[in-house]
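Coordinate-derived values only; no laboratory data. Quick caveat, the model's predicted, so the values are computed rather than measured. Cβ coordinates were reconstructed from backbone atoms using ideal geometry, including for glycine residues, and neighbour counts include every protein chain displayed.
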């Protein structure tokens with residue numbers, strides 16, 4: 001505390017909450033002040049006042065610093081024009097072409113073939129056709145030698161000459177293949193439009209026609225759904241392995257060469273489910289839906305077959321099959337079994 | 001001590017604040033530029049239906065004469081005396097892409113798939129207001145799916161050999177909703193409402209002039225004359241009719257002969273509760 005000439009000295013005031021000095025100190029302080037008032041006209045400072053004042057000033061300094069910092073925090077919010085600093089480095093604002101179409105086109109650049117196939121897929125991924133594919137003699141159209149491949153025909157067609165091999169070939173040992181959305185026809189009168197030895201394959205919304213067999217699956221497990229198999233030489237759909245669901249497909253005019261062992265759908269593996277397929281007009285010498293001897297535990301329900309009577313269905317007692325409903329005199333279905341198959 | 005702590009905390013706060021006002025960000029490029037190797041035709045490889053890519057002729061406004069995958073890029077409007085899109089070749093997929101083919105009461109047919117073609121798919125759009133048929137599908141193995149075909153001057157759909165109509169709506173057409181002229185067709189999961197606006201005798205929501213069809217799980221209401229009609233005068237056999245529901249034609253909801261295979265017809269009864277458990281039943285009400 002600075003004492004100016006003529007200033008009336010008084011005992012330091014302590015703020016509420018600050019503990020007062022001891023009475024002894026207070027008495028000493030009063031004596032000192034009295035002495036100062038009577039003898040001293042210069043700047044004097046009480047000894048106890050020095051400590052109190054220093055403490056007070058330190059506290060005030062601390063509050064000042066804190067206030068400054070708080071003001072520093074508050075300043076950005078008070079800047080009227082907003083923050084002039086860029087939020088960060090410029091980021092991408094447009095999609096690249098490969099982001100717009102992230103799938104991989106099937107072509108000579110991205111999926112080059114070899115002596116056995118026009119196009120070869122060797123890495124997992126999502127692939128799509130960008131044009132029709134025309135087959136080459138003694139080669140397949142597309143071969144898949146990788147796991148986890150989706151191939152979207154994108155509405156295009158794959159047309160093979162009779163001297164070609166397979167439309168699409170999935171090699172043995174690979175798993176998780178999806179083939180969908182297109183047209184495949186005429187790859188080879190003794191081979192297949194789609195031939196798979198892979199496991200867990202899904203084939204959906206594909207039209208296959210004009211080959212020896214439309215779709216042949218020999219691996220373990222898969223789904224064939226919403227496909228149309230027509231005018232294939234021997235089989236529309238052939239299952240050579242277990243664990244398939246064949247659902248909601250249409251087969252017409254298959255077994256075109258009219259073999260006695262031909263069929264629209266032939267099952268040569270156990271534990272498959274054949275449901276809600278529409279079969280008509282297969283070669284009359286063969287079958288509509290047939291299961292080979294020795295095959296067990298396939299479920300065959302809710303299918304309708306026309307044109308092969310009395311061989312619309314061929315199965316044995318080792319399967320689980322819905323009852324056959326045939327045309328009756330009245331034409332009215334009286335069998336209320338929901339799993340029935342229809343033959344007419 | 002308290003003062004020192006207070007100062008330290010304040011200084012730390014100040015340090016954070018200083019860090020947050022690094023204005024320019026990192027000047028290091030994130031990575032080397034990646035390849036952008038797709039062409040636009042790889043991004044959308046299908047062929048648009050327009051005057052450049054599918055120029056028309058004297059019969060149709062747009063003609064598809066090469067196999068491939070086609071799509072609409074906008075609504076298309078009919079012109080007088082011509083059909084909308086004509087498909088003249090095999091192995092064609094036509095995706096309406098959610099757009100409409102609008103006849104504007106002057107165009108003849110919305111889509112014509114000409115005779116002799118095979119493996120044709122038309123899907124995903126609307127076909128409306130043509131003076132003739134909505135879709136005239138004369139193909140072998142034609143597939144129509146997810147189409148809405150309304151208010152046309154003829155039938156909504158006319159089919160020839162071994163065709164399929166799945167998950168479509170055919171409504172308000174002057175003639176039949178779906179007309180089947182040849183064997184082995186599959187008609188599944190469609191809605192046919194208010195067809196036969198022209199009140200033509202013996203026309204129907206679904207009219208069958210063929211054998212060996214499967215007509216399943218369709219819903220029909222308010223079609224004039226008949227709901228599902230099998231032309232028995234043609235001696236047709238083995239049409240399978242199951243799981244359909246027809247309303248609005250009373251005794252004429254279904255018309256067929258005993259040469260077909262038909263689920264029992266369930267009608268509304270006193271309680272309104274379905275008591276027949278036959279899963280192949282058809283409904284009328």
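Quick notes on this structure:
- Residues residue A:316 and residue A:147, FRET efficiency given R0 of 41 Å [Cβ-Cβ distance, rounded to 0.05]: 0.70
- All-pairs Cα distance distribution in chain B, expressed in whole percent, bin size 5 Å: 1, 6, 11, 14, 14, 11, 8, 6, 4, 3, 2, 2, 2, 3, 3, 3, 2, 2, 1, 0, 0, 0
- Paramagnetic reach from residue B:266 in the stretch A:316-344 [backbone N under 19 Å; point 7 Å along Cα→Cβ]: A:332-341
- Size descriptors for the stretch A:97-343 (Cα atoms only): Rg and Dmax, in that order, 18.3, 64 Å.
- Remark: mean inter-chain Cβ contacts per residue of A:95-104 equal 4, using a 10 Å Cβ-Cβ cutoff to other protein chain atoms.
- For the pair residue A:109 and residue A:122, label points projected 7 Å from Cα toward Cβ lie 1.9 nm apart.
- Computed on chain B, with alpha-carbon pairs under 8 angstrom and 6+ residues apart, the relative contact order is 8 percent.
- Shape of the stretch A:104-246 from the C-alpha gyration tensor: rounded (a/c under 1.5, with a ≥ b ≥ c the square roots of its eigenvalues).
- The label-point distance for residue B:277 and residue B:97, in a model that sets each label 7 Å from Cα toward Cβ, rounds to 5.2 nm.
- Anisotropy class of the stretch A:236-283 from Cα gyration tensor, a/c 1.5 cut: oblate
- Stretchable slack from residue A:134 to residue A:260, in nm (0.36 nm times residue separation minus alpha-carbon distance): 42.1 nm
- Using alpha-carbon coordinates, inclination of helix B:2-20 to the longest axis of chain B, degrees: 50 degrees
- Relative contact order (%) - criterion: Cα under 8 Å, at least six apart; region: the stretch A:191-243: 39 percent
- The label-point distance for residue B:79 and residue B:52, in a model that sets each label 7 Å from Cα toward Cβ, rounds to 1.8 nm.
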